[in-house]
Amino acid sequence: TKTFIPNIPADINGGMNMNYILFDKVTKSFGYEKIFEDLSFKVFKGEHIGLIGNNGSGKTTIFRMITGCETIYSGRISVRTDIRTGYLEQETSGYDGMKIIEVLRLPFKEVLDAVSKLGVYEENMSKLSGRDLLYLLDEYGKLQAFVEFCDGYGIDTKILSVATGLGIDTTRFDDTIETLSGGERTRIFLCKLLLEEPDLILLDEPTNHLDIIAVGWLEKFLSAYDGTVLTVSHDRTFLDNSVSKVIEIENKKAVEYPGNFSWYKEEKARRQEILEKQFNSQQKEIKRLEKTARQMREWARQADNKQMYKRAVNVERRIEHMDKVEGPVSDTAAMKMQLRNTNKSGKEVIRLEEIRKSFDGKIVLNGVNLLLRKGEKAVISGQNGSGKSTLANIINNILIADSGIVKVGEGIKTGYLSQEVYFEDEKRTLLEEVQRSLGRDAGKAQKVLAAYGFKGEHVMKRISALSGGERKRLRFGTMMQCEYNLLVMDEPTNHMDIGSREILEEALMDYSGTCLFISHDRFFINKVCSVKYLLHLGHLTGYKGDYTKLLTEEKTSVNPEPSVQPVSSDKNISKNRIAEVEDLEKDIRSTEISINKLDEQMMEQMPLNELELLLQERKSLGEFLDLLYEKWASIMQ
């Protein structure tokens with residue numbers, strides 16, 4: 001990824017930087033555990049900053065301090081009071097009973113009230129004359145100027161544009177908030193926050209409930225946003241594309257890096273190298289001086305020389321008064337993941353043939369074919385709700401397909417990591433869980449836990465008290481002790497901090513077995529996966545190249561590959577049928593490309609009537625595409 005160092009934004013008043021947020025030597029503790037110590041950093045007007053750090057380093061606590069929800073032990077926090085700060089709401093039960101569209105119109109209440117008042121004025125004009133009419137016309141003109149200045153007649157278009165970009169189903173605008181899932185609620189209130197256009201936006205893991213297309217839209221939105229943005233995220237590609245400065249919380253302090261995530265990685269490595277050289281050089285000098293001081297003391301003792309003794313003391317004081325360079329500190333909570341050698345398997349690990357699955361009459365998988373070969377590291381990606389987890393559950397025999405064949409190769413031993421990690425008995429401690437799962441004694445179980453960042457008193461923590469990232473680490477700790485030759489992982493990097501993701505990636509790249517991932521983590525996909533599939537409208541299509549380019553350009557037209565074998569390889573199909581199928585597949589690809597282009601167009605700002613025409617055209621193309629798929633399926637039967 002291309003790295004860059006941005007220009008530091010300057011305030012228009014005199015060209016001086018304007019502080020929006022100042023943390024000055026802040027110390028914070030929870031009980032006996034110190035979270036921050038002399039934490040200092042600044043956020044300037046117009047900056048787009050990524051706030052990163054390991055899970056538990058206090059990033060969300062910083063947001064709570066900025067919004068005044070958390071106190072500090074010592075130091076100073078200054079947040080400008082003359083700016084509007086927007087923070088994604090966590091408690092949304094107060095909106096129950098409201099329709100989605102009503103919630104999304106809340107940021108425009110004053111303007112919408114003015115539009116409504118204009119209607120009342122228009123009704124009253126016919127009833128008035130003389131001075132009363134002149135007064136009303138004057139008031140009407142002022143109010144109309146306000147509405148036009150605020151683009152009051154384009155509010156619904158703006159709402160549709162942002163909602164569509166975030167992957168919100170606009171046909172459900174009349175549904176009430178309490179009918180939504182947690183992820184759907186998050187998208188609605190993220191949409192509301194963006195529509196408010198505050199001076200300062202605080203985003204805590206904004207990509208967690210978005211599919212890759214919505215993440216791409218959000219990146220573009222934030223990149224073009226005039227206000228200040230402070231984002232907590234572990235999504236490295238998102239950080240690369242949306243921030244111009246990184247603040248890392250490490251060892252209870254904040255370290256600033258001007259640039260995006262890739263620049264941060266390069267600059268941190270450079271600083272670490274310099275620091276290590278300085279540390280080693282100073283330690284070498286300290287050892288030399290200590291040796292000199294010892295010799296001088298010995299000479300002073302032997303010769304009873306007070307002058308030599310004073311010189312020894314001076315050398316020791318020189319060491320004491322040195323500005324000591326702190327050596328690089330490693331994260332003691334980091335995982336030390338290593339996948340065990342696997343049992344051998346046949347060349348074909350998984351073969352899926354014409355897998356179909358519906359829920360309540362809605363087709364999710366419509367003739368999915370897949371061949372996973374020995375040693376491949378394959379990934380299935382796609383939009384939320386496209387059926388990725390359903391397919392993973394069918395492969396692992398958790399769900400049964402409506403029709404089709406699932407073939408698992410000889411000697412395959414599968415390790416499965418579900419998207420949400422649950423345990424049989426969450427009252428168990430971590431130590432009890434590892435002992436039970438692996439049949440190890442307490443000492444060996446503690447070694448396993450230590451390798452995955454659980455040490456000391458943490459091993460006695462109950463599973464129910466673990467965060468999402470800790471749950472995943474605990475599951476990895478038990479999975480990786482078994483000799484699986486096939487790993488199926490649904491969103492393996494979810495809830496994991498950047499350091500843990502990098503450790504997982506290195507371990508998987510060294511793993512000799514076969515892997516099938518469900519993932520939308522673009523950095524992970526491009527680094528680890530050699531075989532890539534896109535699940536779209538019930539069909540699985542292979543592709544090559546970069547996942548980001550695939551979805552931002554022409555999602556299904558980039559190097560399309562058949563997922564098992566091309567139709568023409570079947571000797572039992574006549575040449576006429578082959579030609580008919582090939583024509584159908586061309587029509588399918590062409591229609592999919594047209595739909596994708598429409599999706600891109602609908603993300604742009606436009607009048608409501610134009611957007612409605614595009615929505616109608618997309619619906620018609622979708623219905624036509626369904627007919628093409630049905631015709632293709634009937635020929636292939």
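Would you check if L136 is farther than 28 Å from Y257 by Cβ, surrounded by 15 or more Cβ atoms within 10 Å (Cβ to Cβ) and in contact (Cβ under 8 Å) with a residue 12 or more places away in the chain? Answer is yes for this residue.
Residues checked against (1) under 20 Å from F63 (Cα atoms); (2) among the charged types (D, E, K, R):
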position	(1), (2)
F189	yes, no
L194	yes, no
E205	yes, yes
I213	no, no
E219	no, yes
D235	yes, yes
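Taking residues in the range 105-121 that are under 10 Å from L143 (Cβ atoms) and open to solvent by 30 Å² or more (accessible area, probe 1.4 Å), and partners anywhere that are in a helix (DSSP H, G or I) and hydrophobic (A, V, I, L, M, F, W, C), the pairs with Cβ atoms closer than 8 Å and at least 6 places apart or on different chains are V115/V147; K117/L143; Y121/L136; Y121/L143.
Take the conditions modelled with pLDDT under 85 and closer than 21 Å to G469 by Cα and apply them to Y452. Does it pass? Yes: the conditions hold for Y452. Being closer than 23 Å to S389 by Cα, open to solvent by less than 10 Å² (accessible area, probe 1.4 Å) and touching a helix residue (DSSP H, G or I) at 6+ places or on another chain (Cβ under 8 Å) is a description that applies to F476.
Residue-by-condition table, conditions (1) in contact with a Pro (Cβ under 6 Å, 6 or more places away or on another chain); (2) at pLDDT 75 or above; (3) open to solvent by 30 Å² or more (accessible area, probe 1.4 Å); (4) assigned to a helix (DSSP H, G or I):
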{"site": "S594", "(1), (2), (3), (4)": "no, yes, yes, yes"}
{"site": "Q605", "(1), (2), (3), (4)": "no, no, yes, no"}
{"site": "E612", "(1), (2), (3), (4)": "no, no, yes, yes"}
{"site": "L615", "(1), (2), (3), (4)": "no, no, yes, yes"}
{"site": "Y629", "(1), (2), (3), (4)": "no, no, no, yes"}
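Among the residues of the range 525-536, those identified as outside any helix (DSSP H, G or I) and not hydrophobic (A, V, I, L, M, F, W, C) are S530, K532, Y533, H536. Looking at the range 376-464, the helices (runs of 4 or more DSSP H) lying wholly inside it that each contain 2 or more residues that are surrounded by fewer than 18 Cβ atoms within 10 Å (Cβ to Cβ) sit at 430-438, 442-451. Screening E89 against (1) in contact (Cβ under 8 Å) with a residue 12 or more places away in the chain; (2) of a type in the set (D, E); (3) over 30 Å from K42 (Cα atoms) leaves a single unmet condition, (3). Considering the range 26-67, the residues that are touching a Pro at 6+ places or on another chain (Cβ under 7 Å) and of a type outside the set (A, V, I, L, M, F, W, C) include one that is least open to solvent (accessible area, probe 1.4 Å), namely E47.
Please verify whether A269 is part of a helix (DSSP H, G or I), within 32 Å of the chain's Cα centre (by Cα) and small (G, A, S), treating the condition exactly as stated. So A269 passes the test. Scanning the range 480-524 for residues that are open to solvent by 10 Å² or more (accessible area, probe 1.4 Å), under 22 Å from L430 (Cα atoms) and in a helix (DSSP H, G or I) yields G499, S500, R501, I503.
The values are calculated or read from the model by the stated rules, or taken from the named source; none is laboratory data. The structure displayed is predicted, hence computed values, not measured ones. Here Cβ is always computed from backbone atoms with ideal geometry, including for glycine, and neighbour counts include all displayed protein chains. Keep in mind that these areas ignore ligands, DNA and RNA; they rest on the heavy atoms of the full protein, side chains included. Shrake-Rupley method; radii C 1.70, N 1.55, O 1.52, S 1.80 Å.
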